[in-house]
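K.L.:
Submitted below is the structure of interest, expressed as structure tokens.
The values are calculated or read from the model by the stated rules, or taken from the named source; none is laboratory data. The structure displayed is predicted, hence computed values, not measured ones. When we count neighbours, we look across all protein chains shown, and the Cβ atoms used for this are built from the backbone with ideal geometry, even at glycine. Surface areas here come from the heavy atoms of the whole protein model, side chains and all, with no ligands, DNA or RNA. Shrake-Rupley method; radii C 1.70, N 1.55, O 1.52, S 1.80 Å.
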Amino acid sequence: MFSKVLIANRGDIALRILRSCKELEIKTVAIHSTADSDAMHVRLADESVCIGPPHSSKSYLNIPSIITAAQLVGADAIHPGVGFLSENANFAEIVNAHNITFIGPKIEHLKVMGDKIQAKIMANQLGLPLVPGSKSVILSLDEARFEADKIGYPILIKASAGGGGKGMKVVDDKKDLENSFVSAKNESRAAFGNDEVYIEKYLSNPRHIEVQIVGDKYGNVVHLGERECSIQRNHQKIIEEAPSPVLSEQEKENLGNLAVSAAKKMKYENLGTIEFLYQDEKFYFIEMNTRLQVEHPITEAITGLDIVREQIMISSGKKLSFKQENIKFFGHSIECRINAEDPMTFVPSPGIISQFHPPGGLGVRVDSGIYSGYQIPPFYDSLIAKLIVHGDDRQHCIRRLKQALKEMIIEPVPTTLELHKQILDNEDMNTANYDIKWLENNFLSK
Ligand code: ADP
């Protein structure tokens, strides 16, 4: 087992990883920018190293600084967390080249899944059903027109290097193709330094359903059930639940087996999430995330497993300690992502939190790095807390979550807390009658 893990991240996720390390009696090292000197992950880690100025390109994405910090403190592994360098194959290669273990999957899998076109080619070979679309990068507007006509409007232009819904443009009509093609390429270049795009059929009313898989270095792969993440804005998840409220037991089993079979064929190790759209009782692969997910706590709630602990054990060479038949699912769990944002425009609202009161009680979990007096830096993601509730069944979980939302106080910065309360009070949420457009179409416009 590792003796010292450097956590190359910040906020709630850095704290989350730190907790699992402590339970495994592994020493922890926090890294931080100058804007995060007072952050909770820095206070609670055994050691901390300041790795640069606030802007993430100079700190949390600064590979030489992070490697130097790891060497300085003698860390034998690096956990990249979520976002930042977590899916960066170049970073993982450099970490390994310094005889430090990258806690994550194999480099080849980071590479192939990091390129969405390559990922689709691989998914096809692995037997996963795809959304109809172009088979390779679209190089010119003429090619885009040709492909779009072949697929049929509406289509979706997607960035090959995509993530977080960036570089994605829906095109309803031929006449808008040129503008959208140019702006998708520009947005992608600005966000990822790569302007490669491809085209997919835009499904009209799908649900987003993903499967958590976990594999060790010895070919054992198990799925930990599915998560439904259809409540989104700007193609980004805002509420997730597990299990999916709409799949039959048979569909759940088939989906889990499909994901496990694909992961086994590619000899996948560590944590992975295979994401699908689900429409008219059919699944379509959209991407695979080769890392821990923000929404992992809902899977932890229904399985009772510490997923980060599993991740660390696998990277240290341990075999999975359970088989598929040992995984039992209990009750229902929902996560609300609380962002420091204007709840209607989603514009980030950094500032000082003068009052923070987390809710409590049985089945209520808050993953957050904030505290009363905390200053939210304007440089990073606006996610400041995750509220995760577990109940005996979906209705119980909703009742418990409503109460937890009422108890939660984050003042005075604008947050999405109020929006979550309104969503939970909505009849469509109560009956799980939503798809990926529900929030934007039928709720935010009201
Ligand atoms: P990213 O990596 O940017 O998050 P994804 O491929 O995971 O991109 O898609 C994010 C979200 O965008 C999905 O959850 C879904 O809401 C929407 N989306 C993606 N592909 C399609 C599609 N072909 N049709 C309709 N919606 C889509």
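K.L.:
Given the conditions (1) assigned to a helix (DSSP H, G or I); (2) closer than 24 Å to Thr303 by Cβ; (3) in contact (Cβ under 8 Å) with a residue 60 or more places away in the chain, and given that Glu440 satisfies all but one, which numbered condition is not satisfied?
P.N.:
The number of the failed condition is (2).
K.L.:
Still on this structure: Between a residue in the stretch 195-224 that is among the aliphatic types (A, V, I, L, M) and any residue that is within 9 Å of the ligand (Cβ to nearest atom), which pairs come within a Cβ distance under 6 Å, given they are 6 or more apart or on different chains?
P.N.:
Filtered contacts from the stretch 195-224: Val197/Ala159; Ile199/Gly133; Ile199/Ile155; Leu203/Leu277; Leu203/Gln279.
K.L.:
Now for a separate question. Could you grab me the full set of residues in the stretch 82-106 that are buried (at least 24 other Cβ atoms within 10 Å of the Cβ) and not aliphatic (A, V, I, L, M)?
P.N.:
Selection gives Phe102, Gly104, Pro105.
K.L.:
Among the residues of the stretch 261-277, which ones are buried (at least 21 other Cβ atoms within 10 Å of the Cβ) and either in a helix (DSSP H, G or I) or away from the ligand (no atom under 15 Å from the Cβ) (or both)?
P.N.:
Selection gives Ala262, Ala263, Met266, Tyr268, Glu269, Asn270, Leu271.
K.L.:
Specify the residue that is least open to solvent (accessible area, probe 1.4 Å); the eligible residues are those in the stretch 408-446 that are touching a strand residue (DSSP E or B) at 6+ places or on another chain (Cβ under 7 Å) and acidic (Asp, Glu).
P.N.:
Asp435
K.L.:
Could you check, for the stretch 278-288, whether at least one of its residues is more than 16 Å from the ligand (Cβ to nearest atom) and either touching a residue at least 40 places away in the same chain (Cβ under 8 Å) or crowded, with 20+ Cβ neighbours inside 10 Å (or both)?
P.N.:
Checking the stretch 278-288: not a single residue is more than 16 Å from the ligand (Cβ to nearest atom) and either touching a residue at least 40 places away in the same chain (Cβ under 8 Å) or crowded, with 20+ Cβ neighbours inside 10 Å (or both).
K.L.:
Taking the stretch 35-50, which residues are open to solvent by 10 Å² or more (accessible area, probe 1.4 Å) and either within 18 Å of Pro378 (Cβ to Cβ) or in contact with a helix residue (DSSP H, G or I) (Cβ under 8 Å, 6 or more places away or on another chain) (or both)? Explain how you work it out, then say what you get.
P.N.:
The first filter runs over the stretch 35-50 and keeps only residues open to solvent by 10 Å² or more (accessible area, probe 1.4 Å), leaving 35, 37-38, 40, 42-50.
Hits for the stretch 35-50 are Ala35, Ser37, Asp38, Met40, Val42, Leu44, Ala45, Glu47, Ser48, Val49, Cys50.
K.L.:
State which residue is farthest from Ala144 (Cα to Cα) when the search covers only the stretch 205-226 and only residues that are open to solvent by 20 Å² or more (accessible area, probe 1.4 Å) and within 13 Å of the ligand (Cβ to nearest atom).
P.N.:
Step by step, filter the stretch 205-226, then rank; the result is Arg207.
K.L.:
Of the residues Gln71, Gln125, which is open to solvent by 40 Å² or more (accessible area, probe 1.4 Å) and within 16 Å of Ile286 (Cα to Cα)?
P.N.:
On the way: Gln71 fails: within 16 Å of Ile286 (Cα to Cα).
It is Gln125.
K.L.:
Quick one: in the stretch 306-357, of everything that is at pLDDT 95 or above and of a type in the set (Ser, Thr, Tyr), which residue is farthest from Val214 (Cα to Cα)?
P.N.:
Ser354
K.L.:
For the stretch 358-367, indicate whether the set of residues that are out of contact with any Leu (no Cβ under 7 Å at 6 or more places or on another chain) and buried (at least 22 other Cβ atoms within 10 Å of the Cβ) is non-empty.
P.N.:
Checked the stretch 358-367: no residue is out of contact with any Leu (no Cβ under 7 Å at 6 or more places or on another chain) and buried (at least 22 other Cβ atoms within 10 Å of the Cβ).
K.L.:
Taking the stretch 184-204, which residues are surrounded by 14 or more Cβ atoms within 10 Å (Cβ to Cβ) and either assigned to a helix (DSSP H, G or I) or within 9 Å of the ligand (Cβ to nearest atom) (or both)?
P.N.:
Within the stretch 184-204, the subset surrounded by 14 or more Cβ atoms within 10 Å (Cβ to Cβ) is 184-185, 187-189, 191-192, 194-203.
Result: Ala184, Lys185, Glu187, Ser188, Arg189, Ala191, Phe192, Glu200, Lys201, Tyr202, Leu203.
K.L.:
Let me ask something else about it. Among the candidates Gly165, Gly152, which residue alone is away from the ligand (no atom under 12 Å from the Cβ) and open to solvent by less than 30 Å² (accessible area, probe 1.4 Å)? Before the answer, list the steps.
P.N.:
Working: Gly165 fails: away from the ligand (no atom under 12 Å from the Cβ).
Only one candidate qualifies: Gly152.
K.L.:
Look through the stretch 227-246, keep the residues that are within 16 Å of the ligand (Cβ to nearest atom) and part of a loop (DSSP other than H, G, I, E, B), and return whichever of them is farthest from the chain's Cα centre (by Cα). Spell out the reasoning first.
P.N.:
Within the stretch 227-246, the first condition is being within 16 Å of the ligand (Cβ to nearest atom), and the residues that meet it are 227-242, 244, 246.
Applying the additional criterion that residues be part of a loop (DSSP other than H, G, I, E, B) yields 234-235, 244, 246.
Numbers: Asn234: 15, His235: 12, Ser244: 17, Val246: 21 Å.
By that ranking, first place goes to Val246.
K.L.:
Also: Of His420, His390, which residue is assigned to a helix (DSSP H, G or I) and modelled with pLDDT of 95 or more? Walk me through how you get there before you give the answer.
P.N.:
Numbers: His390 fails: assigned to a helix (DSSP H, G or I).
Every option except His420 fails the conditions.
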